[in-house]
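One structure below.
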Amino acid sequence: MTTTEQPILLAAVSLLSALHLGFQARRVGWSRMKFKILPPAVNGPPEFERTFRAHQNGVEFYPMFLVVLWTSGLFCNEALAALAGLVYVVAREMYFIGYSKSGKGRPALGPSDMENQVELEEKTRLINQVLELQNTLEDLSARVDAVKEENLKLKSENQVLGQYIENLMSASSVFQTTDSKSKRK
């Protein structure tokens, strides 16, 4: 490749985005020092947690950003991909600032809120178990009803068969009592 064929714009945007992500990581470090939170802890005051989460959100999307940047730059248009990459980096910075500065519009996850979240999850789990048990009980009730119906049907058939057998026995001389045989002699 000659220097004109090398993806210089893509490389520049990739380098800028990596430096930007590193700067956000440094701001998380400053927040750790401000609130005296030692690694690897990630819990603390809401201001720290928002700064940490804003950085983590960027880290989580960074691989996808790079793949899309390089794929679109190499196979489509390098200049447009680089411009879109710059817009993405600026948007990420705006997101980071907005997310870390204000908790408005988002629920705070302080200790009491985390306990409430755990309680809510436990209640949801218990409700799901109750609903599952209710469905199982309904299924069992339906099976019991079906068995009762089958039992009544079989009893009725048994009565008919029993009556039929009694009629056959009374009509047949094989099953006559011994008293009637002795009278014949």
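The values are calculated or read from the model by the stated rules, or taken from the named source; none is laboratory data. Model, not experiment: these values are computed from the prediction. Positions of Cβ are generated from backbone atoms using ideal geometry, with glycine treated the same way; all protein chains shown enter the neighbour counts. To get the accessible areas, we keep the full protein, side chains included, count just its heavy atoms, and leave off ligands, DNA and RNA. Shrake-Rupley method; radii C 1.70, N 1.55, O 1.52, S 1.80 Å.
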Matching residues in the range 22-63 (part of a helix (DSSP H, G or I) and open to solvent by 30 Å² or more (accessible area, probe 1.4 Å)) number 22
Scan the range 65-87 residue by residue and report those that are open to solvent by 70 Å² or more (accessible area, probe 1.4 Å) and either touching a residue at least 40 places away in the same chain (Cβ under 8 Å) or within 25 Å of R27 (Cα to Cα) (or both).
W70, L74, L86, V87
